[in-house]
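Here's the structure we're looking at; comments come further down.
The values are calculated or read from the model by the stated rules, or taken from the named source; none is laboratory data. Everything numeric in this text was worked out from a predicted model, so none of it was measured. With ideal geometry, Cβ positions are generated from the backbone for all residues, glycine too; neighbour counts draw on all protein chains shown. Accessible surface is based on the protein model in full, side chains and every heavy atom, while ligands, DNA and RNA are left aside. Shrake-Rupley method; radii C 1.70, N 1.55, O 1.52, S 1.80 Å.
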Amino acid sequence: MPLSDLIPILVAWVIAISSPGPATLAITGTAMGAGRARGLAVALGVVAGSACWALVAGMGLGAAMMSHAWALEALRYAGAGYLAFLAWKSARSALRPGAAAARDAGAESLRHAWARGALIHLTNPKAVLFWGAVFAVAVPPGAPASVLWQVGLSCLATSVLTFTTMALAFSARPVARAYLRARRWFDAAFAVLFGFAAFKILTARLT
(Lines give C-alpha, C1' and ligand atoms only; values in the text may rest on other atoms or scores of the structure.)
Protein backbone atom coordinates (compact mmCIF):
# COMPACT_ATOMS: atom_id res chain seq x y z
CA MET A 1 0.00 0.00 0.00
CA PRO A 2 1.45 3.43 -0.94
CA LEU A 3 2.31 5.74 1.95
CA SER A 4 -0.12 8.32 0.57
CA ASP A 5 -2.97 5.85 1.14
CA LEU A 6 -1.71 4.67 4.52
CA ILE A 7 -1.25 8.07 6.18
CA PRO A 8 -4.99 9.03 6.16
CA ILE A 9 -5.78 5.65 7.73
CA LEU A 10 -3.26 6.23 10.51
CA VAL A 11 -4.49 9.78 11.14
CA ALA A 12 -8.04 8.47 11.55
CA TRP A 13 -6.66 5.69 13.77
CA VAL A 14 -4.94 8.18 16.11
CA ILE A 15 -8.13 10.23 16.42
CA ALA A 16 -10.15 7.09 17.21
CA ILE A 17 -7.82 5.62 19.84
CA SER A 18 -7.18 8.99 21.51
CA SER A 19 -10.85 9.63 22.18
CA PRO A 20 -11.99 9.14 25.79
CA GLY A 21 -12.64 5.51 26.61
CA PRO A 22 -11.71 2.74 29.05
CA ALA A 23 -8.17 2.36 27.67
CA THR A 24 -7.30 6.06 27.74
CA LEU A 25 -8.85 6.42 31.20
CA ALA A 26 -6.75 3.55 32.53
CA ILE A 27 -3.54 4.90 31.01
CA THR A 28 -3.97 8.49 32.15
CA GLY A 29 -5.26 7.57 35.59
CA THR A 30 -2.41 5.15 36.23
CA ALA A 31 0.22 7.55 34.90
CA MET A 32 -0.99 10.35 37.16
CA GLY A 33 -1.54 8.26 40.26
CA ALA A 34 1.12 5.55 40.10
CA GLY A 35 3.85 7.01 37.96
CA ARG A 36 5.45 6.72 34.56
CA ALA A 37 6.52 3.06 34.65
CA ARG A 38 3.08 1.75 35.54
CA GLY A 39 1.41 4.11 33.08
CA LEU A 40 3.64 2.73 30.33
CA ALA A 41 2.92 -0.83 31.46
CA VAL A 42 -0.84 -0.25 31.15
CA ALA A 43 -0.32 1.38 27.74
CA LEU A 44 1.66 -1.61 26.45
CA GLY A 45 -0.95 -3.97 27.88
CA VAL A 46 -3.66 -2.14 25.94
CA VAL A 47 -1.60 -2.49 22.75
CA ALA A 48 -1.12 -6.22 23.42
CA GLY A 49 -4.87 -6.67 23.79
CA SER A 50 -5.42 -4.71 20.60
CA ALA A 51 -2.89 -6.90 18.78
CA CYS A 52 -4.85 -10.00 19.81
CA TRP A 53 -8.05 -8.58 18.38
CA ALA A 54 -6.22 -7.48 15.21
CA LEU A 55 -5.05 -11.06 14.70
CA VAL A 56 -8.56 -12.39 15.29
CA ALA A 57 -10.06 -9.93 12.81
CA GLY A 58 -7.28 -10.47 10.27
CA MET A 59 -7.84 -14.23 10.31
CA GLY A 60 -11.52 -13.69 9.65
CA LEU A 61 -12.56 -14.98 13.04
CA GLY A 62 -14.45 -11.78 13.79
CA ALA A 63 -17.16 -12.89 11.36
CA ALA A 64 -17.30 -16.26 13.12
CA MET A 65 -17.79 -14.50 16.45
CA MET A 66 -20.59 -12.46 14.94
CA SER A 67 -22.36 -15.68 13.95
CA HIS A 68 -22.10 -16.92 17.54
CA ALA A 69 -23.87 -14.19 19.47
CA TRP A 70 -23.20 -15.90 22.79
CA ALA A 71 -19.44 -15.22 22.43
CA LEU A 72 -19.94 -11.49 22.01
CA GLU A 73 -22.53 -11.45 24.79
CA ALA A 74 -20.13 -13.21 27.16
CA LEU A 75 -17.45 -10.65 26.33
CA ARG A 76 -19.95 -7.84 26.75
CA TYR A 77 -20.85 -8.87 30.29
CA ALA A 78 -17.26 -9.64 31.23
CA GLY A 79 -16.09 -6.27 29.97
CA ALA A 80 -18.90 -4.36 31.63
CA GLY A 81 -18.29 -6.22 34.88
CA TYR A 82 -14.58 -5.40 34.85
CA LEU A 83 -15.21 -1.73 34.11
CA ALA A 84 -17.79 -1.64 36.91
CA PHE A 85 -15.14 -3.10 39.22
CA LEU A 86 -12.72 -0.33 38.21
CA ALA A 87 -15.46 2.24 38.82
CA TRP A 88 -16.02 0.80 42.30
CA LYS A 89 -12.29 0.95 43.07
CA SER A 90 -12.12 4.58 41.94
CA ALA A 91 -15.22 5.48 43.94
CA ARG A 92 -13.79 3.83 47.05
CA SER A 93 -10.57 5.77 46.59
CA ALA A 94 -12.48 9.02 46.12
CA LEU A 95 -14.34 8.46 49.39
CA ARG A 96 -11.14 7.72 51.31
CA PRO A 97 -9.76 10.85 53.00
CA GLY A 98 -6.11 11.72 52.98
CA ALA A 99 -3.49 12.86 50.52
CA ALA A 100 -2.65 10.83 47.46
CA ALA A 101 0.97 10.83 48.52
CA ALA A 102 0.02 8.36 51.21
CA ARG A 103 -0.93 5.77 48.60
CA ASP A 104 1.62 3.06 47.96
CA ALA A 105 2.62 3.50 44.33
CA GLY A 106 4.51 0.25 44.46
CA ALA A 107 1.48 -1.78 45.50
CA GLU A 108 0.79 -2.76 41.89
CA SER A 109 3.53 -4.60 40.03
CA LEU A 110 4.39 -3.70 36.45
CA ARG A 111 3.15 -7.13 35.37
CA HIS A 112 -0.20 -6.52 37.03
CA ALA A 113 -0.46 -3.07 35.44
CA TRP A 114 0.27 -4.61 32.03
CA ALA A 115 -2.34 -7.32 32.59
CA ARG A 116 -4.91 -4.70 33.62
CA GLY A 117 -4.38 -2.81 30.36
CA ALA A 118 -4.62 -5.99 28.31
CA LEU A 119 -7.75 -7.14 30.14
CA ILE A 120 -9.51 -3.83 29.55
CA HIS A 121 -9.05 -4.26 25.81
CA LEU A 122 -9.61 -8.01 25.61
CA THR A 123 -12.97 -7.75 27.37
CA ASN A 124 -14.24 -5.07 24.98
CA PRO A 125 -16.20 -6.87 22.23
CA LYS A 126 -16.33 -3.69 20.14
CA ALA A 127 -12.56 -3.90 19.63
CA VAL A 128 -12.71 -6.86 17.24
CA LEU A 129 -15.57 -5.22 15.34
CA PHE A 130 -13.52 -2.03 15.06
CA TRP A 131 -10.53 -3.92 13.68
CA GLY A 132 -12.80 -5.73 11.25
CA ALA A 133 -14.15 -2.40 10.03
CA VAL A 134 -10.63 -0.99 9.61
CA PHE A 135 -9.53 -3.97 7.54
CA ALA A 136 -12.72 -3.87 5.47
CA VAL A 137 -12.27 -0.17 4.66
CA ALA A 138 -8.48 0.02 4.35
CA VAL A 139 -7.66 -3.25 2.58
CA PRO A 140 -8.96 -3.50 -1.00
CA PRO A 141 -10.77 -6.74 -1.95
CA GLY A 142 -8.35 -9.28 -3.33
CA ALA A 143 -5.31 -7.53 -1.88
CA PRO A 144 -2.43 -9.83 -0.83
CA ALA A 145 -1.97 -10.76 2.81
CA SER A 146 1.05 -8.45 2.96
CA VAL A 147 -1.26 -5.43 2.73
CA LEU A 148 -3.29 -6.73 5.68
CA TRP A 149 -0.09 -7.10 7.70
CA GLN A 150 1.10 -3.65 6.62
CA VAL A 151 -2.11 -1.97 7.79
CA GLY A 152 -2.32 -3.96 11.01
CA LEU A 153 1.29 -3.47 12.06
CA SER A 154 1.22 0.21 11.12
CA CYS A 155 -1.88 0.77 13.26
CA LEU A 156 -0.32 -1.12 16.17
CA ALA A 157 2.92 0.87 15.90
CA THR A 158 0.86 4.05 15.90
CA SER A 159 -0.96 2.79 18.99
CA VAL A 160 2.34 2.21 20.79
CA LEU A 161 3.47 5.75 19.97
CA THR A 162 0.13 7.33 20.92
CA PHE A 163 -0.44 5.47 24.19
CA THR A 164 3.15 5.71 25.44
CA THR A 165 3.16 9.44 24.67
CA MET A 166 -0.06 9.72 26.64
CA ALA A 167 1.48 7.87 29.59
CA LEU A 168 4.60 10.04 29.51
CA ALA A 169 2.60 13.26 29.29
CA PHE A 170 0.24 12.43 32.16
CA SER A 171 3.07 11.24 34.39
CA ALA A 172 4.91 14.57 34.04
CA ARG A 173 5.55 16.30 37.35
CA PRO A 174 3.14 19.26 36.86
CA VAL A 175 0.31 16.86 35.99
CA ALA A 176 1.20 14.53 38.85
CA ARG A 177 1.24 17.45 41.29
CA ALA A 178 -2.19 18.53 40.05
CA TYR A 179 -3.42 15.01 40.65
CA LEU A 180 -1.99 15.00 44.17
CA ARG A 181 -3.79 18.25 44.98
CA ALA A 182 -7.15 17.05 43.67
CA ARG A 183 -6.83 13.28 43.99
CA ARG A 184 -10.33 12.65 45.33
CA TRP A 185 -11.93 14.71 42.56
CA PHE A 186 -9.94 12.86 39.91
CA ASP A 187 -10.90 9.49 41.37
CA ALA A 188 -14.55 10.52 41.54
CA ALA A 189 -14.41 11.53 37.87
CA PHE A 190 -12.78 8.21 36.94
CA ALA A 191 -15.48 6.35 38.88
CA VAL A 192 -18.20 8.10 36.89
CA LEU A 193 -16.43 7.61 33.55
CA PHE A 194 -15.64 3.93 34.12
CA GLY A 195 -19.23 3.39 35.23
CA PHE A 196 -20.51 5.16 32.13
CA ALA A 197 -18.22 3.04 29.94
CA ALA A 198 -19.63 -0.12 31.56
CA PHE A 199 -23.16 1.10 30.89
CA LYS A 200 -22.34 1.89 27.25
CA ILE A 201 -20.93 -1.61 26.67
CA LEU A 202 -24.01 -3.19 28.21
CA THR A 203 -26.41 -1.15 26.09
CA ALA A 204 -24.41 -1.11 22.81
CA ARG A 205 -25.78 -2.94 19.81
CA LEU A 206 -23.07 -5.28 18.52
CA THR A 207 -24.96 -6.60 15.54
Given the conditions (1) open to solvent by less than 30 Å² (accessible area, probe 1.4 Å); (2) β-branched (Val, Ile, Thr); (3) under 16 Å from Ile17 (Cβ atoms), every one holds for Thr123 apart from (3)
Checked against (1) more than 13 Å from Val14 (Cα to Cα); (2) modelled with pLDDT of 85 or more; (3) open to solvent by 80 Å² or more (accessible area, probe 1.4 Å), Gly142 satisfies every condition except (2)
Filtering the range 175-207 down to residues that are open to solvent by 80 Å² or more (accessible area, probe 1.4 Å), modelled with pLDDT of 75 or more and under 22 Å from Ala37 (Cβ atoms) yields Arg177
* If you go through the range 167-174 one residue at a time, do you hit one that is of a type in the set (Gly, Ala, Ser), outside any helix (DSSP H, G or I) and either touching a Lys or Arg at 6+ places or on another chain (Cβ under 6 Å) or closer than 22 Å to Leu44 by Cα (or both)? -> yes
